[in-house]
Amino acid sequence: MHRIKGVLDFIKRQKKPFKVNLVRVSLNTFLLSLTRQYQSVYIVEKGATPLELGFLNSLGGLAGASISPVSGWFADKYGIKKGLLLGTFIMALASFIFAEAPNWIYMIPAMLFFMLATRILTTVCPMVCGSYLKNEERATGMQLCDTLSAIPGLFSPLVAAAIIAKFGGLKPEGIRPLYYIQSVGLILVFLFVMKEYSDLPEIRGVKYSVKFLGGIREVLEEGVAVKQWILCSSMSTLSFFISSTYLPLFVKEVKGGDQYVLGAMAAASMVVPLALAIPTGRLADSIGRKKVIYITTLVYCISLVLVIYAFNPAFLIFSGFLQGFWMLAGVTQGAMSAELVPTHLLGRWYGLLGVFGSVISVAAPLLGGVIWSVLSPTHVLTFIILAQALKLLVLWSIPETLRIR
């Protein structure tokens with residue numbers, strides 16, 4: 001009860017944009033978790049090879065790269081709300097096209113829209129915490145957001161597994177209804193944000209003097225260790241896109257997992273942020289961001305080793321549980337990233353990170369497809385572990401940001 005009261009008190013003293021975004025993120029997590037574990041399987045079942053799956057995801061990354069240079073600038077100039085609305089609407093459109101596509105070729109525009117929307121929302125969402133949370137509460141607030149969003153994410157994959165089983169199993173006809181549900185739900189989220197979210201005057205007031213190229217120069221000049229952080233962030237992006245594309249396919253094709261195993265792995269991964277997000281945030285606000293990133297990243301790497309050597313579904317589900325530490329690492333990295341530049345440059349900073357992240361997102365799925373086809377599926381997971389090790393080496397050279405502002 002004391003912990004619940006502390007959480008409620010924390011939320012109560014925050015500004016409305018943060019509270020509304022908590023609800024939006026939770027709804028988005030539920031809807032996107034319906035298809036996340038099954039999208040690669042859906043595309044392959046629609047006729048794509050693993051290499052073509054990588055090609056399709058790379059095209060999506062290209063769409064994200066095209067918008068990244070201006071997405072943060074757009075939010076700085078026109079407001080966070082318009083960025084959230086734009087990303088949510090495009091995501092709903094992508095889900096509808098996925099549902100209607102007769103084969104994987106027709107999914108190309110869906111993937112383009114999906115990655116376009118993902119990049120916009122990934123750029124704009126952390127601006128809410130970066131703009132409206134105090135420095136000493138930022139990691140806690142971001143982990144709280146992760147915790148609350150983990151609650152619907154805990155049940156969503158299991159709901160999806162039941163729907164898939166009802167409509168025909170891990171086949172196109174079984175997965176397709178998830179995309180219809182997702183599309184309708186995202187439209188409702190769009191309407192909710194339109195009605196409830198409003199950028200506060202102190203944030204709106206700086207937007208109309210923004211110049212895009214000048215802002216990028218300011219980021220490089222005024223930021224702390226931004227070049228090293230770009231490399232560190234890029235390694236995370238590389239791991240994320242390869243893992244999200246090929247890990248579910250690895251579980252199905254190599255380990256023989258069905259929709260229930262994939263759903264249980266996704267649900268298990270949400271237990272960790274649900275149970276540990278707030279303590280992790282407080283730990284990061286106490287001992288520093290870097291130490292928490294080291295610990296959580298190492299546990300995530302252990303989870304990938306368990307997937308490689310798993311010999312029954314129980315091990316796969318336990319590895320899914322440990323994969324939840326990836327979310328803890330990511331949110332803590334988000335808090336650290338927000339503290340490397342002045343607040344008025346956050347939009348351009350996230351946009352600049354998005355440029356490099358999107359370039360990586362173009363190359364990563366193709367690289368994963370080549371490794372899968374030329375070497376072996378196991379080498380895909382090994383490569384992810386190596387990328388995470390490089391990230392930690394780069395992180396060593398970056399100053400702790402807890403007391404910067």
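Taking 0.36 nm per intervening residue step and subtracting the Cα-Cα distance, what contour gain separates Arg282 from Asp258 on full extension?
Fully extending the segment from Arg282 to Asp258 adds 4.9 nm.
On the protein heavy atoms, probe 1.4 angstrom, tell me the percent of accessible surface of segment 254-333 carried by carbon and sulfur.
Result for segment 254-333: 75 percent of the exposed heavy-atom area is carbon or sulfur.
Could you state how much accessible area Lys82 has, in square angstrom rounded to the nearest 10, with a 1.4 Å probe and all protein chains kept in place?
Approximately 110 Å² of Lys82 is accessible to the 1.4 Å probe.
Taking the simple approach of a point 7 Å from Cα along Cα-to-Cβ for both Ile385 and Gln228, what is their distance in nm?
The two pseudo-label positions are separated by 2.7 nm.
How far, in nm, would the chain grow between Phe356 and Lys19 when pulled straight, counting 0.36 nm per residue and subtracting the alpha carbon separation?
This chain segment gains 118.3 nm when fully extended.
Can you pull the one-decimal nm distance between simple spin-label points at Trp396 and Val305, each 7 Å off the Cα toward Cβ?
The answer from the label model is 1.8 nm.
If packing is taken as the mean number of other Cβ atoms within 10 Å per residue, what is the order of 145-152, 256-263, highest first?
Result, highest mean first: 145-152, 256-263.
With a 1.4 Å probe and every protein chain left in place, work out the accessible area per residue of segment 281-395 in Å², rounded to a whole number.
Here the residues of segment 281-395 average 36 Å² of exposed surface.
Taking a label point 7 Å from the Cα of Val370 along the Cα→Cβ vector, which residues of segment 233-265 have an amide N closer than 15 Å to it?
Residues 242 qualify, since their backbone N sits under 15 Å from the label point.
The values are calculated or read from the model by the stated rules, or taken from the named source; none is laboratory data. Just so you know, these numbers come straight off a predicted model, no measurement behind them. All Cβ positions, glycine included, derive from the backbone under ideal geometry; neighbour counts span all protein chains shown. Please note that ligands, DNA and RNA were not included when accessible areas were found on the heavy atoms of the full protein model with its side chains. Shrake-Rupley method; radii C 1.70, N 1.55, O 1.52, S 1.80 Å.
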